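Beneath this line is the structure, given in structure tokens, with notes to follow.
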Amino acid sequence: MPEQILREVTTPYTVNPDDEAIGRETIIIRRDGEPVAAIVPLVASGQLAETVVAEANGNLLGAIVPPAEYAAYRAWKEQNAPKPVVGGSLFERERAVFQKLLPDLLKTHSGQWVAIVDEQPVQFGPDFKSVILPVRQKYGKRPVYVREILEKRRVYKMLSPRVVRR
Amino acid sequence: MKIAYSTAFTPPAPVISAQVSTPDDEAHSPVLPTLIDTGSDSTAIPEFVVEQLQLIPAGEMLVQAYDGTPTERALYDVVLRVANIRFDGASVIVRARDHVILGRDILNYLHLLLDGPALTLEILEEQSPISNP
């Protein structure tokens, strides 16, 4: 049987549970510069075959996975990433179309919501949901520009400040 | 069911859990602490969720924060699960927080009792498991 020498750990790897990266970002654990494991946020770990959960002080840190499985996960993630928009931002283009069509839309569909897809108004409805649901069903996950047709923009208020105590 | 206010906020605040997902991948979605914010017209999700769920903009909204300045914000469509109710095609914006802010666009579908002195929140009615207001 081949003999393997394991390097003795002299300083333990510590994770601060209050670190904002914990649970959000993938943390790579290295030994002598080489990755030995990754702690993947639990939200993403569902794509992984087997996971060991890392926990500290009762807080879930993520799933510990070996480098090979993490590499496979990265490949899966890249493969499933949204396709880049060809010819600049499709979203910007649809927005420009909305601005161009707005004077006419105000005459015909004032107060409604509209979805612009492929530079055309394709769906109207009384609210965001009634427009986006059929559009997603028909066109799938792609940039679409949905907006309310109003002469004066509605301003949505989110007024609650967060008090920071020191 | 009574839920104790979260002491992560000062003063303690009503916080529940919400699941944010996309229609094409509901299995892998984060369950996030969610602040009940009756002062918000709209619902907001943390920035990191956009990357995790690979959300793409679906529109725009003019949002006025507490400093009074209206700014254009990208609008995303997600599936929200709150208090056993599923909200398809929910519109959300992004804010630099680590929790969801549940605005009145969603809260107005819920029966909630905020018991300030007891620091508890109660969802008064059990909703049907899959409904779509």
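Remarks
- Spans of strands (runs of 3 or more DSSP E) in segment B:1-97 with at least 3 residues more than 10 Å from chain A (Cβ to nearest Cβ): B:2-4, B:15-21, B:31-36, B:70-82, B:85-95
- Count of residues meeting criterion [surrounded by fewer than 19 Cβ atoms within 10 Å (Cβ to Cβ) and either more than 13 Å from chain A (Cβ to nearest Cβ) or among the hydrophobic types (A, V, I, L, M, F, W, C) (or both)] in segment B:98-109: 1
- Condition met for residue B:74 (modelled with pLDDT of 95 or more and either more than 25 Å from residue A:117 (Cβ to Cβ) or touching a strand residue (DSSP E or B) at 6+ places or on another chain (Cβ under 7 Å) (or both)): no
- Evaluation of residue B:62 against (1) surrounded by fewer than 18 Cβ atoms within 10 Å (Cβ to Cβ); (2) of a type in the set (A, V, I, L, M); (3) farther than 24 Å from residue A:94 by Cβ; (4) at pLDDT 90 or above (one fails), failing number: (3)
- Residues satisfying the stated conditions in segment B:98-118, i.e. in a strand (DSSP E or B) and either of a type in the set (Asp, Glu) or under 10 Å from the mean Cα position of the chain (by Cα) (or both): B:100, B:101, B:102, B:115
- Among residues of segment A:140-166 that are under 21 Å from residue B:67 (Cβ atoms) and in a loop (DSSP other than H, G, I, E, B), those with a Cβ under 7 angstrom from a residue that is at pLDDT 90 or above and of a type outside the set (Val, Ile, Thr), sequence gap 6+ or separate chain, pair up as A:153/B:62; A:154/A:148; A:154/B:62; A:159/B:39; A:160/B:37; A:160/B:39; A:160/B:40.
- Selection status of residue B:76, surrounded by fewer than 21 Cβ atoms within 10 Å (Cβ to Cβ), without any contact (Cβ under 8 Å) to a residue 60 or more places away in the chain and of a type in the set (Ser, Thr, Tyr): no
- Here is the figure for segment A:89-118: residues that are surrounded by 15 or more Cβ atoms within 10 Å (Cβ to Cβ), within 17 Å of residue B:57 (Cα to Cα) and not hydrophobic (A, V, I, L, M, F, W, C) total 3.
- Pair list, Cβ < 8 Å and 6+ apart or interchain, from segment A:89-117 residues that are under 20 Å from residue A:138 (Cβ atoms) to residues that are among the polar types (S, T, N, Q) and part of a helix (DSSP H, G or I): A:113/A:130
- Members of segment B:14-31 that are among the polar types (S, T, N, Q) and out of contact with any strand residue (DSSP E or B) (no Cβ under 6 Å at 6 or more places or on another chain): B:22
The values are calculated or read from the model by the stated rules, or taken from the named source; none is laboratory data. Just so it is clear, the structure is predicted and the values come from calculations on it, not from any experiment. A quick note on method: Cβ atoms are made from the backbone with ideal geometry, for glycine too, and the neighbour counts reach across all protein chains shown.
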